[in-house]
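Following: one structure in structure tokens, then a few remarks.
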Amino acid sequence: MTEVVADQERNLPFLADDNEMAKRIREFDWSSTPLGPIGEWPEVLKATVRIILHTPVPIVTLWGPSGVMIYNDGYTEFAADRDPALLGSNVREGWPEVADFNDNVMKVCLAGQTLSYEDQELTLIRNGMAQQVWMNLDYSPILDENGKPVGVMAIVIETTGRVLADRRNAAEHERLQRLFEQSPSFMAMLKGENHVFEMVNPGYERLVGYRDVLGKTVAEALPEVASQGFVGMLDTAFQSGEAVTGTALPVLLQHSADQPPEQRFVDLVYQPIRDDADVVTHIFVQGSDVTERVLGERQQKLLMNELDHRVKNTLATVRAIVTRTLRGATSLADAQASLNARIMALAEAQQLLTTRKGDGADIADVVVNAIRTLHDDCKRINITGPALTLSPSAALALSLALHELATNATRYGALSGEAGHVDIRWTLERDKDQPLLRFAWEEKGGPAVIPPTRRGFGSTLIEEAVAAETNGTTRLDYRPAGVIFTLDAPLEAIEQS
């Protein structure tokens, strides 16, 4: 028996390899297959088997019209739990779930043609379950000594892992792309040391005015930015490999040649991107347009400064009112009444300014607000004049003066009787090429006016305080027909900018 085995091995030199599949092919009963006893195989089949056994790539030979399967060690991994039953079986029976596919392979290749598939998707039964698999498949005919196709050589490389990984990466890339596009912040990807735009998101396009920047360097696409130090920041990030950040950085952007530059403020990060060799190849730009925030903070600071200034001025005004009122009062009751009225007038004026958020007040609102405590007497006050926004200090001074005038008119002047009335009017004129406000309070129809024998706080407030706060000239005239107060003030001193 030993002599028979040795004689058989001498007759099978193509199976002399000491590997698992060579051993299994030697020991397999091929006489039960269309190939017949192994010793009677044609030379082309022996040569083919020897080739595939020496190849680490998964290869299976499909011999004859029925496609009898002979394969190498690499193919056993692909066959999984179907090995060893596949060895010597017909390909149609070995892989019944893809019988139609393999029928076409046999038909085409036995006709002398080749087939090739890349990432071919098939459903195979493996380990008792249907699985979606992807493979690179190459089929070519095996020719005998006469050039006739007698079998098929199939190279089978499973790519399922790579395909699924590619799909996961593609899905992740798509998700990141959606985030990139939908992000409210601005983003861009710059390539190389010259910072060439490769990608920008809609936020970046909005920031730069929808200019065509892709494929251009930052200096080419946004020349005004290059002169503002941003290219230098990019160079620093690229050369150092460290992120460069900035907060509330001012940037002038020239969206078009026929428009002036627009100043924006941005928070940004220049993040270097490295390749597998740890070399910086790109800069990822990410940031936010914080212009509204910066301007809001500046406005808030201005308002706080204005509030601080106004509180100090108000306290000084209150102190002056209290001191002068008490000094000129003839009795405690008179002092209390005058003081309450003046403090209320001051509060009304402050409330008007607060409603306008510190942006001054319209002169008509100042006038109406100052006289509204007169109730029915307001019907006998005629008000005419153009719109004009007064600065807070001018509005406050005029309010207090009008309160004093209205109080005096009600007690002693035109509004103390039934027939009198008051005309309040103002105009905007020019005096020596200087824009000017001319304001007048004129009483008519009241009792004859007797000039006061002493100058009280009200008169001082009406004339001196208004003049000081408006940089203008005032005049308080006690005419017999009625009191007249006039104010001439330059607009640049009283108008809210």
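The values are calculated or read from the model by the stated rules, or taken from the named source; none is laboratory data. This structure is a prediction, so every number in the text was calculated from the model and none was measured. Neighbour counts run over all protein chains shown; Cβ positions are idealised from the backbone, glycine included. Each accessible area value is taken on the protein alone, full model and side chains, heavy atoms only, with ligands, DNA and RNA left out. Shrake-Rupley method; radii C 1.70, N 1.55, O 1.52, S 1.80 Å.
Filter the GluC sites (Glu not before Pro) in segment 117-180 down to the DSSP loop ones having no more than 16 other Cβ atoms within 10 Å, then list what survives. Write down the numbers at each step before the final one.
Numbers: sites: E118, E121, E145, E158, E172, E174; in loops: E145.
In loop regions of segment 117-180 (DSSP not H, G, I, E or B), the sparsely surrounded GluC sites (Glu not before Pro) are E145.
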### Formal net charge of residues neighbouring N194 (Cβ-Cβ distance under 11 Å; K, R +1; D, E -1)
-1
### Message
Less than 12 Å Cβ to Cβ from I484, Lys/Arg counted +1 and Asp/Glu -1: what total charge do the surrounding residues give?
### Response
0
### Task
Find how many whole Å separate the alpha carbon centroid of segment 259-289 from the alpha carbon centroid of segment 421-437.
56 Å
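Expressed in nm², what is the orientationally averaged projection area of the convex hull enclosing the Cα positions of segment 422-497? Walk me through the intermediate numbers first.
Details: hull surface 23.2 nm².
One quarter of the hull surface, i.e. the mean projection, equals 5.8 nm².
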### Message
Given Cβ point charges of +1 (Lys, Arg) and -1 (Asp, Glu) and nothing else, what value in debye, to the nearest 20, does the dipole of segment 72-150 about its Cα centre take?
### Response
220 debye
## Note on the structure
Within segment 108-202, DSSP-loop trypsin sites (Lys or Arg not before Pro) with at most 13 other C-beta atoms within 10 Å are none
### Integer Hz, Karplus 6.51/-1.76/1.60 couplings in order for segment 478-487, x for Gly and Pro
8, 7, x, 6, x, 5, 10, 10, 10, 9
### Query
Which value, in Å to one decimal place, does the Kirkwood hydrodynamic radius take for segment 35-127 when every pair of different Cα atoms is included?
14.2 Å
### Task
Evaluate the distance, in nm, between pseudo-label points positioned 7 Å from the Cα of E198 and of H255 along their respective Cα→Cβ axes.
3.0 nm
### Message
Over segment 38-139, with the other protein chains present, what is the accessible area per residue in square angstrom, probe 1.4 angstrom?
### Response
46 Å²
### Task
Please give the residues of segment 155-178, grouped as numeric ranges, whose backbone N is less than 18 Å from a label point set 7 Å along the Cα-to-Cβ vector of E118.
155-167, 170
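How big is the convex hull of the Cα atoms of segment 215-299, per residue, in Å³? Could you put the intermediate results ahead of the total?
Values: hull volume 8.7 nm³, N = 85.
Taking the convex hull of the Cα positions in segment 215-299, it is 103 Å³ per residue.
Run through segment 193-264 and list the GluC sites (Glu not before Pro) located in a DSSP loop whose Cβ has at most 15 other Cβ atoms within 10 Å. List each step's numbers first, then the result.
Values: sites: E193, E198, E205, E220, E224, E242, E262; in loops: E193, E242.
Answer by residue number: E193, E242.
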### Query
Given the protein chains as shown and a 1.4 Å probe, how many square angstrom of Y117 are accessible, to the nearest 10?
50 Å²
## Note on the structure
Checked segment 43-199 against the a/c 1.5 cut and the a/b vs b/c comparison, axes a ≥ b ≥ c from its Cα gyration tensor; verdict prolate
### Query
Roughly how many Å² is the accessible area per residue of segment 413-497, as a whole number, for a 1.4 Å probe?
54 Å²
### Message
With an 8 Å Cα cut-off and a minimum separation of 6 or more residues, compute the relative contact order for segment 189-293 in percent.
### Response
25 percent
### Query
How long is the gain from D212 to E172 if the chain were fully straight, where each residue apart is worth 0.36 nm and the alpha carbon distance is subtracted?
11.7 nm
### Query
Roughly to the nearest percent, how much of the accessible area of segment 118-206 is carbon and sulfur, given a 1.4 Å probe?
51 percent
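Where does the charge balance sit around D289 when Lys and Arg score +1, Asp and Glu -1, over other residues with C-beta under 10 Å from its C-beta?
+1
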